[in-house]
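No lab work stands behind these numbers, since they all come straight from the coordinates. For clarity, every value in this text was computed on a predicted model and none was experimentally measured. Every residue, glycine among them, receives a Cβ derived from its backbone with ideal geometry; neighbour counts consider all protein chains shown.
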Amino acid sequence: MIRILVDADACPVKDEIYKVAFRHEVAVSIVSNSPMRVPVAPLIERVIVSDGFDAADDWIAERADGEAVCITADILLADRCLKAGAIVIAPNGKPFTMASIGGAIATRAIMADLRAGGDIIGGPAPFSKTDRSRFLSALDEALVRLKRAGSRHSREG
C-alpha cells in the first residue's frame, strides 16, 4: 500500500501533503514528538512518539520501503529511508537520491564542524513560494511513479 510518511515536527508543507494525498487517495502518517492538529480523515494518521532521541526518525525508518514516500529535511533520516527503498523528498521539493545523499551527509558534517569550531554560518534559505510549488510537483510525481510501478507489478504478477 502506497503511503506518505512525514517527519512532521518542523515540516512547513503539511497542508500541501494533505491536498496531494486526498487527490491520490493515499494514506499519510504524520509523525511527531508532540500533539499537532491534523485533518480528521480516514487517510490521515497522527503518530505521536516519545520525546526520545530520534524516536520519530526510528518510527519512520522502520516503516520506509519501496511503497513509501518520506518527507523530511533530516539528511540522516533521508539516508535511512533511501536505503530501505523509499522515495525521499525534502520540504523544499528537492529529492534525496542515492546519488546525492553522500554529498549531503558530507556537507552536513562539514557544517557541524564549522559550528562546533565557533564559526558563524548562515542557516538554510527562507522557505519560499517556489519551494512550496516545487514540493507539490515533486510529491505528485513521486506518487504517480509509485502507482505506475504498482500497476506494472500487478499486471506482471
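The figures follow:
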| read-out | value |
| --- | --- |
| Separation between Cα centres of the range 131-150 and the range 39-113, rounded to whole Å | 16 Å |
| Mean separation of Cα contacts under 8 Å, 6 or more apart, over the residue count of the chain: relative contact order % | 22 percent |
| As computed over the range 3-156, the Cα convex hull volume per residue (Å³) | 124 Å³ |
| Where a label projected 7 Å from the Cα of S50 along Cα→Cβ would reach, residues of the range 1-44 with amide N under 17 Å | 32-35 |
| Total charge dipole magnitude, the chain, about the Cα centre, Cβ charges on Lys, Arg, Asp, Glu only, Debye to nearest 20 | 680 debye |
| Reachable lysines, given that their alpha-carbon falls under 25 Å from the alpha-carbon of K129 and they are not under 8 places away in the same chain | K14, K19, K94 |
| Options A84, V6, L139, ranked by Cα towards positive dipole end of the chain, top entry (Cβ charges) | L139 |
